[in-house]
Amino acid sequence: MRTTVGIIGGGPAGLLLARLLHRAGVDSVVLENRDRSYVEQRQRAGVLEQGTVDALRACGASERMDREGMEHHGIELRFDRQGHRIDFPQLTGGRSVMVYAQTEMVKDLIALQLADGGPLLFEAEALSVENVEEGSGDGGRPRIRFSHEGREKTLECDVVVGCDGFHGIARTAVPAAVRRDFERTYPYSWLGILADVPPSCEELIYAHSPRGFALHSMRSETVSRLYLQVPNGTDPADWSDERIWEELDARLAVDGDWKLERGQIFAKSVTPMRSWVTEPMRHGRVFLAGDAAHIVPPTGAKGLNLAVSDVIVLARALTHWQQTGSRELLDSYSDTCLRRVWRAEHFSYFMTTALHTDPEQSPFDSRLQLSQLHRIADSRAASTELAENYTGIPGLPIG
Ligand SMILES: Cc1cc2nc3c(=O)[nH]c(=O)nc-3n(C[C@H](O)[C@H](O)[C@H](O)COP(=O)(O)OP(=O)(O)OC[C@H]3O[C@@H](n4cnc5c(N)ncnc54)[C@H](O)[C@@H]3O)c2cc1C
């Protein structure tokens, strides 16, 4: 098999990159190691920045999102039993976010890719990437070795893009001698649930409480997505439905007559918090995008959006290279993306440490945390900083 761009991973980054390249007339093949139903059901993110929404519209994948997605004009910060609304359009000159589940975005992209006959192989596991150095044997053409339908096969490419997430293999094509990894872990995880109940709020509620962080979010008009901060190593089986609702009630408690509606819980999972970046995001003819290159804790809703902004930059660079022969944009890909990545890393770290309760936290630290939250609520400058970062990192190119 031969293609121009070999894409490893059929998550949001790989699928969107394939769509953007298809529109520009650049051929690609996507290899995804899971089956279609697994990829379409994997519960993850749900908040899309304006740039992500624009990219989905530009590649024709927005019809259902525009019908079913929920445009949100703000979030609520809740602490000391008081709610404080952050009004996005007012603070950012009109920006907002779209709540539309990652599962739905992935379904839309897969349907489009298959309808166009775009090569997308499920249960095709990339095993290794070879010959990535520019100018090496075979004219510097890299190969992906992969297993599919019980056989080992080879995909020859002009470039390889690793969109294979944190546990993928593409990263190993970057030699250890040139790679630098940066990591921070956190002493807590998120217990996430999906419940068959209309959301008890119109916008997301980020709640700081002495008992730990809680987030009220939603997936649709009838499905609520809620999270609780829990210790690392927590087994979801130790949390009965009753215990989860009681703890959510306690952490989301607010003065006034607001009430958390309960419903049937149909999914429970625990996600550890991690900040991690690998540099550079390119070596020779291998490029890394999305979670293959960086992870953020989900508190800032940045993971999916960063994956999308990487592939917008990369699609533009690959198209420019195909049309003009110039590698200028490919050469600046890693630096362009990393500037945005580190901004998102900082914002995600800030949101996480401002809202969670560290088990080792001193009373002094707790007072500082509350002071910071009051500052955001009281100061237009501080709330603008949050709103600009949440709705889309300002001042950086996304494509
Ligand atoms: C449990 C969880 C909850 C999350 N919640 C949020 C949230 O609330 N908000 C938010 O913004 N972000 C969240 N994120 C992050 C967000 O979902 C990711 O940033 C986003 O999925 C990144 O997309 P991606 O395409 O880069 O990687 P992925 O979605 O990880 O996709 C990578 C794909 O590569 C495939 N793959 C891996 N190895 C191979 C191989 N060897 N060969 C072929 N294919 C391979 C995988 O099967 C997968 O389909 C969450 C992440 C996790 C894990």
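The numbers here are math on the coordinates, done by the rules we state, and not lab data. Since this is a predicted model, take the numbers as computed values, not measurements. As a convention, Cβ positions derive from the backbone with ideal geometry for all residues, glycine included, and neighbour counts pool all protein chains shown.
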| Near the amide H of Gly46, under 5 Å away, which other amide H atoms are found, from residues 5 or more places off or on another chain, if H is placed in the peptide plane? | Gln102
| Of Ser366, Gly392, Leu329, which is farthest along the charge dipole of the chain in the positive direction, counting Lys and Arg as +1 and Asp and Glu as -1 at C-beta? | Leu329
| remark: One finds the C-alpha centres of segment 28-103 and segment 241-267 to be spaced, in Å, by 24
| task | Select from Lys107, Lys259, Lys268 the residue whose mean-square fluctuation is largest in a Gaussian network model of the chain (Cα-Cα springs shorter than 10 Å). | result | Lys259
| task | Rank Thr278, Val296, Ala250 by how far each Cα sits towards the positive end of the charge dipole of segment 236-319 (+1 on Lys, Arg Cβ; -1 on Asp, Glu Cβ) and give me just the farthest. | result | Thr278
| Which percent of Cα-Cα pairs in the chain sits in each 10 Å bin, short to long? | 5, 23, 32, 24, 13, 4, 0, 0
| field | Sorted by Cβ density within 10 Å, fewest first, the residues Leu109, Leu329 | value | Leu329, Leu109
| request: With a/c under 1.5 counting as rounded, go ahead and sort segment 1-97 into rounded, prolate or oblate using the C-alpha gyration tensor (a ≥ b ≥ c being the square roots of the eigenvalues; past the cut-off, prolate if a/b is larger than b/c, else oblate). | output: prolate
| query | Just going by the charge dipole of the chain, with Lys and Arg at +1 and Asp and Glu at -1 on Cβ, which of Leu16, Ala377, Tyr206 is farthest out on the positive end? | reply | Leu16
| Just for the chain, what percent of DSSP beta bridges are antiparallel, to the closest 5? | 75
| said: Averaging over every viewing direction, what projected area does the convex hull of the Cα atoms of segment 252-323 cover, in nm²? | reply: 8.7
| task | Please turn the phi angles of segment 80-88 into ³J(HN,Hα) values with the Karplus equation 6.51 cos²θ - 1.76 cosθ + 1.60 (θ = phi - 60°), one per residue in order, whole Hz, x for glycine and proline. | result | 6, 6, 10, x, 9, 7, 9, 8, 5
| said: Is there a quick way to get the dipole size of segment 96-170? I mean about its Cα centre, with the Cβ of Lys and Arg at +1 and of Asp and Glu at -1; what is the value in debye to the nearest 20? | reply: 100
| Pick from Glu40, Glu104, Glu261: which is most flexible by mean-square fluctuation in a GNM of the chain where alpha carbon atoms under 10 Å apart are linked? | Glu261
| Stokes-Einstein at 37 °C, 0.692 mPa s, Kirkwood radius from Cα pairs: D for segment 179-300 in µm² s⁻¹? | 204
| query | For Glu156 and Ala382 in the same chain, what is the full-extension length gain: residue separation times 0.36 nm, less their Cα-Cα distance, in nm? | reply | 76.3 nm
| query | Direction-averaged shadow area of the convex hull around the Cα atoms of segment 268-399, nm²? | reply | 10.2
| Size-normalised alpha-carbon gyration radius of segment 341-385, reference 2.2 N^0.38 Å | 1.24
| Value of [θ]222 nm, deg cm²/dmol, for the chain, DSSP H segments ≥ 4, -39500 (n - 2.57) each, nearest 500 | -11500 deg cm²/dmol
| said: So if I place +1 on the C-beta of Lys and Arg and -1 on the C-beta of Asp and Glu, and nothing else carries charge, what would the dipole magnitude of the chain be about its Cα centre? I want it in debye, nearest 20. | reply: 600
| remark: Ranked on Cβ counts within 10 Å of their own Cβ, fewest leading, Cys157, Cys337, Cys163 go Cys157, Cys337, Cys163
| note | From fewest to most C-beta neighbours within 10 Å, the residues Phe287, Phe88, Phe182, Phe122 line up as Phe182, Phe122, Phe88, Phe287
| request: Go ahead and set up a Gaussian network model of the chain, Cα springs under 10 Å, then flag whichever of Asp87, Asp235, Asp27 fluctuates most. | output: Asp235
